[in-house]
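Before any comments, here is the structure.
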Ligand SMILES: Cc1cc2nc3c(=O)[nH]c(=O)nc-3n(C[C@H](O)[C@H](O)[C@H](O)COP(=O)(O)OP(=O)(O)OC[C@H]3O[C@@H](n4cnc5c(N)ncnc54)[C@H](O)[C@@H]3O)c2cc1C
């Protein structure tokens, strides 16, 4: 055992090329991409498994194309899943408006709904086939190791042994999500906006004859989105920011009443919702760090930019960040010479797509969702009734600002 200056006992020291903190979509995909190139990767995940509720289960066409490039799409499709080919949005009693994805020029013109835990298990099982991949579950990263002004790894506490462990690496990647500890430790500055809404998530059973895919309802100042998860609907009930406590105080019966008022077809199953314990609140945030890197350190995914749930693009963007990071950093990591300019290049390639989608989400939040929540007579803007114009957001949600591809597919 080694000791640090603070007389902290270190139970183990691991040397690796790249230490990735966080086994979400960004972290596991980056770990897979680097390991397949023979780069030593240590992936540290706080939890003992990948099973977390309400984290999003969507694989958009861009993610599916990336999986296809890697030769993984076919096996991914063997996992139990549903496909969202269209989105029906009904405002009040108006004729529903349909956003159809079949026009997308891709092998995968749909959003695949696969439980995130299965997706993450699948990628990590594939990564384990490469000897340079190492996964530590129950690793709670607490500190960055700094040497001569550069980050050179992390200190984590193990869940099972409650001991301190050191991972030394030429590059550390913070992929530890929206409340990233790595980001906090790096003291990076954030640009924040405040979307006008929060989201309540819960599940209700699906019944024979229910529509498939994705459906949205706007009625009487309420918004409800339903995502098809085979036997159940995952439901997002959008509320005005800051009104959660008021609603909670009014009681679960009030929430049930509002849900049924927004979508009367849920009347026959709303009693499955019995307790606030079944409801998860997502405090909607949209933010990004000004600088994604420091010498020896890179932030990607939600750690670099927390996404609003509008369009469900968070997973997509996290995976695109991972692909771009692997494209740029594979050669420097192999050569053992990651320069700060390489890390800067990753940010350079991802900043515009991130800022663009966040600007798009801000417009939807303000002009559509914000209005729908405050105006009971809300009507969709006229342009949304024009099928050709509806293709623009559909394309943006499917691929982001542009497609990201894995370079050097050998
Ligand atoms: C309620 C909800 C619903 C969502 N729905 C969707 C959706 O439908 N579609 C979509 O695309 N996106 C959705 N999102 C957003 C999506 O979950 C994120 O954008 C995406 O998961 C970001 O991936 P990531 O890898 O950057 O971070 P995360 O998925 O957040 O992964 C971060 C990982 O880091 C680990 N970690 C944290 N701290 C530490 C630490 N100190 N040490 C070690 N590990 C640590 C965490 O346990 C976690 O596994 C939703 C988010 C929420 C909260």
Among the residues of the stretch 30-46, count how many are assigned to a helix (DSSP H, G or I) and near the ligand (Cβ under 8 Å from one of its atoms). 0
Those residues that are surrounded by fewer than 17 Cβ atoms within 10 Å (Cβ to Cβ) and over 26 Å from residue 63 (Cβ atoms), I need them from the stretch 91-103; list them, please. 92, 93, 94, 95, 96
Going residue by residue through the stretch 166-173, is there one that turns out to be at pLDDT 95 or above, part of a helix (DSSP H, G or I), in contact with a helix residue (DSSP H, G or I) (Cβ under 9 Å, 6 or more places away or on another chain) and within 11 Å of the ligand (Cβ to nearest atom)? no
Sole residue being outside the structural domain of residue 19 (by TED's automatic domain parsing), buried (at least 17 other Cβ atoms within 10 Å of the Cβ), at pLDDT 95 or above and within 16 Å of the ligand (Cβ to nearest atom), chosen from 183, 203: 203
Checking residue 78 against (1) farther than 15 Å from residue 316 by Cβ; (2) modelled with pLDDT under 95, the condition it does not meet: (2)
Taking into account only those residues within the stretch 105-147 that are over 21 Å from the mean Cα position of the chain (by Cα) and in a loop (DSSP other than H, G, I, E, B), which is surrounded by the fewest Cβ atoms within 10 Å (Cβ to Cβ)? 105
As an exercise: evaluate residue 191 against (1) in a strand (DSSP E or B); (2) closer than 30 Å to residue 83 by Cα; (3) within 20 Å of the chain's Cα centre (by Cα); (4) at pLDDT below 95 and give the number of the one condition it does not meet. (2)
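Each row is one residue, and each column tells you yes or no for (1) touching a strand residue (DSSP E or B) at 6+ places or on another chain (Cβ under 6 Å); (2) within 16 Å of the ligand (Cβ to nearest atom).
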site	(1), (2)
73	no, no
87	yes, yes
94	no, no
100	yes, no
110	yes, yes
115	no, yes
125	no, no
137	yes, yes
146	no, no
Can you tell me which of (1) more than 10 Å from the ligand (Cβ to nearest atom); (2) within 22 Å of the chain's Cα centre (by Cα); (3) surrounded by 13 or more Cβ atoms within 10 Å (Cβ to Cβ) is the one residue 155 doesn't meet? (2)
Go through 330, 354 for me and flag whichever is in contact (Cβ under 8 Å) with a residue 24 or more places away in the chain and away from the ligand (no atom under 12 Å from the Cβ). 330
Taking the conditions exactly as written (under 19 Å from residue 397 (Cβ atoms), touching a strand residue (DSSP E or B) at 6+ places or on another chain (Cβ under 7 Å) and within 11 Å of the ligand (Cβ to nearest atom)), does residue 315 satisfy them or not? yes
Name the pairs: first residue in the stretch 42-54 and in contact (Cβ under 8 Å) with a residue 40 or more places away in the chain, second residue near the ligand (Cβ under 6 Å from one of its atoms) and in a loop (DSSP other than H, G, I, E, B), Cβ to Cβ under 6 Å, at least 6 apart or on different chains? 43/23; 45/23
Restricting to the stretch 47-62, count the residues that are touching a helix residue (DSSP H, G or I) at 6+ places or on another chain (Cβ under 9 Å) and either part of a loop (DSSP other than H, G, I, E, B) or more than 9 Å from the ligand (Cβ to nearest atom) (or both). 10
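The values are calculated or read from the model by the stated rules, or taken from the named source; none is laboratory data. Worth saying up front: this structure is predicted, and the values here are computed from it rather than measured. Here Cβ is always computed from backbone atoms with ideal geometry, including for glycine, and neighbour counts include all displayed protein chains.
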